Amino acid sequence: MSSSILERITAIRSSLPASVRLIAVTKQVPTEAMRSAYAAGIRDFGESRIQEAASKQTELQDLSDITWHFIGQLQANKAKKAIEQFSWIHSVDNLKLAQRLNQLAQQLGVSPLVCLQVKILPDPNKAGWNVSQLLTDLPALNQCKNLQIQGLMTIPPLGLSDSQIENVFNDTRDLAKQIQEQHWSDIQMQHLSMGMSSDYQIAVHAGATMVRLGTILFGGRPL
Ligand SMILES: *Cc1c(COP(=O)(O)O)cnc(C)c1O
């Protein structure tokens with residue numbers, strides 16, 4: 001890609017509805033490029049590794065109005081750091097992890113914003129609730145009073161056609177609506193974190209409120 005980060009961010013930002021939050025996914029992206037993204041107006045950054053994020057957060061301390069989003073698979077032993085370092089955790093993918101985060105949040109006196117990661121289709125390569133397990137776990141999730149459950153996150157399996165991806169996103173939106181209509185006291189379903197570089201337009205069309213974009217803003221990552 002020959003255009004600059006500023007140009008790419010400006011173009012994508014203007015193509016998105018104003019209500020959609022653009023999260024710049026900066027795993028493996030150096031902090032100089034993150035500063036360019038910041039200068040282009042980005043305030044939401046997504047990272048998938050606790051350790052990598054920690055050193056970047058230190059380097060970027062002067063940019064004090066960044067909101068940090070954790071989007072990677074979270075090991076139980078990193079849960080405390082995740083809560084300390086991130087305002088949002090998009091990848092809460094099982095009840096045990098939710099309960100652990102809830103307990104830690106209580107101890108730390110914080111209320112992290114979280115999304116529940118769901119798998120609409122079976123996918124051995126991804127973590128997340130399947131639909132029936134999520135519905136079963138809602139009463140226990142509603143007891144996690146120190147988590148601000150905001151909505152659902154999903155990543156379609158690799159190799160789907162556009163129309164299959166569209167179905168995954170539409171089903172995720174409908175599931176959020178179904179849960180919202182159950183009127184849980186401590187589960188909100190206003191947010192849908194879905195859409196990456198290759199499928200964000202489909203996601204936005206299906207109702208995404210947050211898109212997580214890496215490659216399309218910063219170029220390809222080394223493998
Ligand atoms: C890496 C990653 C992204 C961004 O992916 P791109 O294809 O580079 O836009 C989004 N969400 C999650 C969970 C990721 O791990």
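The values are calculated or read from the model by the stated rules, or taken from the named source; none is laboratory data. Please read all numbers here as calculations on a predicted model, not as lab measurements. Because the Cβ atoms are built from the backbone with ideal geometry, glycine has one as well, and the counts that use them run over all protein chains shown. When the accessible area is computed, the model is the full protein with side chains, heavy atoms only, and any ligands, DNA or RNA have been set aside. Shrake-Rupley method; radii C 1.70, N 1.55, O 1.52, S 1.80 Å.
A few comments on the model shown:
- Flag if residue 222 is assigned to a loop (DSSP other than H, G, I, E, B), within 13 Å of the ligand (Cβ to nearest atom) and out of contact with any helix residue (DSSP H, G or I) (no Cβ under 9 Å at 6 or more places or on another chain): yes
- Test: residue in the range 194-201 that is open to solvent by less than 60 Å² (accessible area, probe 1.4 Å) and either more than 13 Å from the ligand (Cβ to nearest atom) or more than 18 Å from the chain's Cα centre (by Cα) (or both): no
- Pairs, first at pLDDT 95 or above in the range 16-30, second within 14 Å of the ligand (Cβ to nearest atom) and in a loop (DSSP other than H, G, I, E, B), C-beta under 6 Å, six or more apart: 24/42; 25/214; 27/48; 28/221
- The range 149-166, residues that are on the phi < 0 side of the Ramachandran plot and surrounded by fewer than 16 Cβ atoms within 10 Å (Cβ to Cβ): 158, 160, 161, 162, 163, 164
- Residue list for the range 176-193, restricted to those being open to solvent by 10 Å² or more (accessible area, probe 1.4 Å) and over 12 Å from residue 115 (Cα atoms): 177, 178, 180, 181, 182, 183, 184, 185, 186
- Against the list (1) under 21 Å from residue 21 (Cβ atoms); (2) assigned to a helix (DSSP H, G or I), the condition residue 79 fails is (1).
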